[in-house]
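Below is one structure; the comments refer to it alone.
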Amino acid sequence: MEALAGLMVRHASVIEAFCRCYVDRDAAQDATQETFVRVLQRCHTMRRGNAFKPWLYAIARNVCVSMLRRQRVRATLPLEAVTILTDPPDEAVAQKERRRAALREVDRLPRAYRDVVIMCFLLDFTCEQAGAVLGVKAGAVRVRLHRAIRRLRESLAKSGMLP
C-alpha cells in the first residue's frame, strides 16, 4: 500500500491530465482512481524489465475507453489539461495562442491519430511506448504520426497559421 501511495503521488496528476484527453473533469478524476485500483489489482501481471510508464498509461486509457463506452461522454475541452502541463510559464502570449490553436487542431483529428500525437509529442512517449499503450506495433504508431502531421499541416495552412 505504501508503494501504491508513492506511485499515486508521483503519477496521479499526469494520469488525470491524460484522462482529460478522453473524458470530462469529473470522469477523469474517477478514471484516475480506477486506474490506480487496477494497478494494485494487476501489479502481478507486469513483467520484470518492462517499463512501468507505458503499462500505467495503457491501464488509464483502457479505463477511459471503458467509461466512454458505458457513458458515451467526451471532454468538452479535452486538451485543456495537457495544455496546462505543457505550457512553459515564460512563453509569450502570441506563442501560447498559436500553441493552443494547434492543440485545437489536434483535438479535431480522428482518435487514432490524436492518441499518438498526444502520447508522442505532448507526453514524450517513444513510438514503442505509445504502441504498448495502444496495443499496436511501433510501425503503426509511426504511420499514424506521419498521417496526423500531414493532416495538421493541411488544416493549419488552411487556417493561415502556416505559410
Exercise for review: Considering only residues that are basic (Lys, Arg) and over 18 Å from VAL106 (Cβ atoms), look in segment 7-28 and name the one that is surrounded by the most Cβ atoms within 10 Å (Cβ to Cβ).
Suggested key: ARG25
Exercise for review: For segment 106-124, enumerate the residues that are crowded, with 19+ Cβ neighbours inside 10 Å, farther than 16 Å from ARG20 by Cβ and over 10 Å from the mean Cα position of the chain (by Cα).
Suggested key: LEU109, TYR113
Review point. Out of curiosity, is PHE36 surrounded by fewer than 19 Cβ atoms within 10 Å (Cβ to Cβ), more than 22 Å from LEU145 (Cβ to Cβ) and either aromatic (Phe, Trp, Tyr) or at pLDDT 85 or above (or both)?
Key: no
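The values are calculated or read from the model by the stated rules, or taken from the named source; none is laboratory data. Please read all numbers here as calculations on a predicted model, not as lab measurements. Virtual Cβ from ideal backbone geometry, glycine too; neighbours counted across all protein chains shown.
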